[in-house]
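The values are calculated or read from the model by the stated rules, or taken from the named source; none is laboratory data. Note that this is a predicted model, so its numbers are computed, not measured. Positions of Cβ are generated from backbone atoms using ideal geometry, with glycine treated the same way; all protein chains shown enter the neighbour counts. Heads up: the accessible areas ignore ligands, DNA and RNA and are worked out on the full protein's heavy atoms, side chains in. Shrake-Rupley method; radii C 1.70, N 1.55, O 1.52, S 1.80 Å.
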Amino acid sequence: MVIADVAVMPLRPYTDEDGMYKVVDACIEKVKESGLKYEIGAMSTTFEGEFDEVFDLIKVMHKIPFQLGCERVITVARVDEKAGGLTIENKLRNHR
């Protein structure tokens, strides 16, 4: 089990927040549909799952802005993996 923290940032042609959030909301919807455990943050979305399913979801999320007419996108992904597995709950147990 791995944890990924992902932020998808559409750059063009979205010049207003409504256009940007349309893309971000579509990415979050794909995370919800994935069935993976997730948490939405102010600047990124964190989800956990098996290695391949996490990376497959990151690839799908990165392509969504292009499907919605965006010409350029930056996706920032951080992945945390620990021998024996890791969950969001494990990672945050001292802070909840």
Task: Subset of the stretch 32-73 that is among the β-branched types (Val, Ile, Thr) and touching a strand residue (DSSP E or B) at 6+ places or on another chain (Cβ under 9 Å) - its residue that is nearest to residue 87 (Cα to Cα) - done: 46
TODO: Return the total of residues in the stretch 69-79 being out of contact with any Lys or Arg (no Cβ under 7 Å at 6 or more places or on another chain) and not small (Gly, Ala, Ser).
DONE: 6
TODO: Looking only at the stretch 54-96, count how many residues are assigned to a loop (DSSP other than H, G, I, E, B) and open to solvent by 50 Å² or more (accessible area, probe 1.4 Å).
DONE: 9
Task: Residues (within 10 Å of the chain's Cα centre (by Cα) and free of Cβ contacts under 8 Å to residues at least 40 places away in the same chain) located in the stretch 1-28 - done: 24, 27, 28
- [ ] Return the pairs, sorted by first residue and then second, in which the second residue is of a type in the set (Val, Ile, Thr) and open to solvent by less than 70 Å² (accessible area, probe 1.4 Å), the first residue lies in the stretch 65-92 and is without any contact (Cβ under 8 Å) to a residue 12 or more places away in the chain, the beta carbons are less than 7 Å apart, and the residues are 6+ apart or on different chains.
- [x] 66/73
